[in-house]
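The next block holds one structure in the form of structure tokens; read it before the comments.
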There are 2 protein chains.
Amino acid sequence: MGKQKGSNAERELVQMLWGSGFAAVRVAGSGVSKYPSPDIVASNGSRILAIECKTTLKDHQYFHPEQISQLIGFAEQFKATPILAVKFTNKGWFFFSPEDLEKTPSHNLVIKRKDASKGKFLLDLKNEI
Amino acid sequence: MGKQKGSNAERELVQMLWGSGFAAVRVAGSGVSKYPSPDIVASNGSRILAIECKTTLKDHQYFHPEQISQLIGFAEQFKATPILAVKFTNKGWFFFSPEDLEKTPSHNLVIKRKDASKGKFLLDLKNEI
């Protein structure tokens, strides 16, 4: 997705998180920093989230394996839950766990909108925000 | 301080935090976002930090009361410890609690380098990073 469109989606999600009792920040230089970093970090004290954000016109979203391993590494160090947040245009926000990703034949990773309600935690999160 | 100098100091502190077992990120648009946000958020699981960063040539550093109340508000929501991190040029980094701030006659807030070792928590932090 374009950089501007991506930033707008991040700002929208930050706003949703604040509206649900989380303190949330966008991360500066995520993806270009020398350290692994997610797009958004949020916490309400009982739940700490490291969020990678995407927006797409399709009903699935690809991720690079390297991006996912960086998200998981960051989350382990920060003691946060890694979350993939995808805004499917006209369908809204859906939340996934890295465990929901499936390998494609070309060794990319993909999540499908229809799989968004797999994890109990993510259902809880969806209800919260 | 200048914006570039401030960003460099923030990057230096992020690097120090990673080197001490914290996952740390710089916050995008801190100070201009519609939500209160610190300059850096860091966590090692047992300790979560919301950090406001400054660098100065003097032996004291002023803060605006509004900036401090925003830091404290963010930290409460995120369940983080609010930290004032000041790099005194040629003296290195010193860490303060908002409680270390003193009111000036003109209603600003100030911390002095000589008061950096007041709080036990902050001594611990200094030993860690």
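In debye, nearest 20: dipole of segment A:62-105 around its Cα centre with unit charges on the Cβ of K, R (+) and D, E (-)?
Working: 4 positive and 5 negative charges, 41 e Å.
Dipole size: approximately 200 debye.
Taking the Cα centre of segment B:3-127 as origin and charging only Cβ (+1 Lys, Arg; -1 Asp, Glu), how large is the dipole, in debye to the nearest 20? Please report the intermediate quantities before stating the final value.
Working: 18 positive and 12 negative charges, 63 e Å.
Dipole magnitude for segment B:3-127 comes out near 300 debye.
Under the Karplus relation 6.51 cos²θ - 1.76 cosθ + 1.60, θ = phi - 60°, what is the ordered set of whole-Hz ³J(HN,Hα) values for segment A:49-56, x standing for Gly and Pro?
10, 10, 10, 9, 10, 9, 9, 8
Among the listed pairs A:Lys5/B:Lys54; B:Lys3/B:Lys34; A:Lys79/B:Lys34; B:Lys91/B:Lys112, which have their C-alpha atoms separated by more than 21 angstrom in this model?
Details: A:Lys5/B:Lys54 32 Å; B:Lys3/B:Lys34 19 Å; A:Lys79/B:Lys34 27 Å; B:Lys91/B:Lys112 13 Å.
Listed pairs above 21 Å: A:Lys5/B:Lys54; A:Lys79/B:Lys34.
Taking a point 7 Å out from Cα toward Cβ as the label site, list the nm distances between B:Glu66 and the same residue in every other copy, smallest first.
When each copy's label point is compared with this one, the spacings are 4.2 nm.
For the protein assembly as shown, what proportion of DSSP beta bridges, expressed in % and rounded to the nearest 5, is antiparallel? Present the calculation step by step, with values, prior to reporting the outcome.
Numbers: 39 of 55 bridges.
Roughly 70 percent of the DSSP beta bridges within the protein assembly as shown come out antiparallel.
What average number of partner chain Cβ atoms lie no more than 10 Å from the Cβ of the residues making up A:35-46? Could the numbers behind the result be given before it?
Values: counts 9, 3, 5, 2, 1, 2, 7, 3, 8, 3, 6, 1.
So the per-residue partner count for this stretch is 4.
For the protein assembly as shown, place one equal point scatterer on every Cα, skip the solvent, and apply the Debye formula. What is log10 of I(q)/I(0) at q = 0.07, 0.15 Å⁻¹?
Taken in order of the listed q values, log10 I(q)/I(0) reads -0.26, -1.03.
Given points 7 Å out from each Cα along the Cα-Cβ axis, report the A:Glu102 to B:Ser33 separation in nanometres with one decimal.
3.5
Aspartates and glutamates within cross-link reach of A:Lys87: Cα-Cα under 18 Å, excluding same-chain residues under 8 positions apart?
Once the sequence-local aspartates and glutamates are set aside, what remains near A:Lys87 is A:Glu10, A:Glu12, A:Asp39, A:Glu52, A:Asp59, A:Asp100, A:Asp115, A:Asp124, A:Glu128.
Counting pairs of alpha carbon atoms under 8 Å apart in space and at least six apart in sequence, what relative contact order in percent does chain A give? Mind showing how you got there, number by number?
Working: 212 pairs, mean separation 26.3, N = 129.
20 percent.
Going by the rotation axis that takes chain A to chain B, pick out the residue of A with the closest C-beta and quote the gap in whole Å.
A:Ala28, 2
By counting other Cβ atoms within 10 Å of each Cβ, how are A:Leu49, B:Leu57 ranked from fewest to most?
Details: A:Leu49 23, B:Leu57 8.
Ordered from fewest to most neighbouring Cβ atoms within 10 Å, A:Leu49, B:Leu57 come out as B:Leu57, A:Leu49.
I'm a student and want to see the number: the projected area of the Cα convex hull of chain A, averaged over all directions, in nm².
7.6
Let me know the charge dipole size of the protein assembly as shown about its Cα centre in debye, to the nearest 20, where only the beta-carbon of Lys, Arg (+1) and Asp, Glu (-1) is charged. Please list the in-between numbers first.
Numbers: 36 positive and 26 negative charges, 87 e Å.
The calculation lands at about 420 debye.
Quick note: the coordinates plus some simple rules give every number you see, no bench work behind them. In this text, all values refer to a predicted model and were calculated from it rather than measured experimentally. Virtual Cβ from ideal backbone geometry, glycine too; neighbours counted across all protein chains shown.
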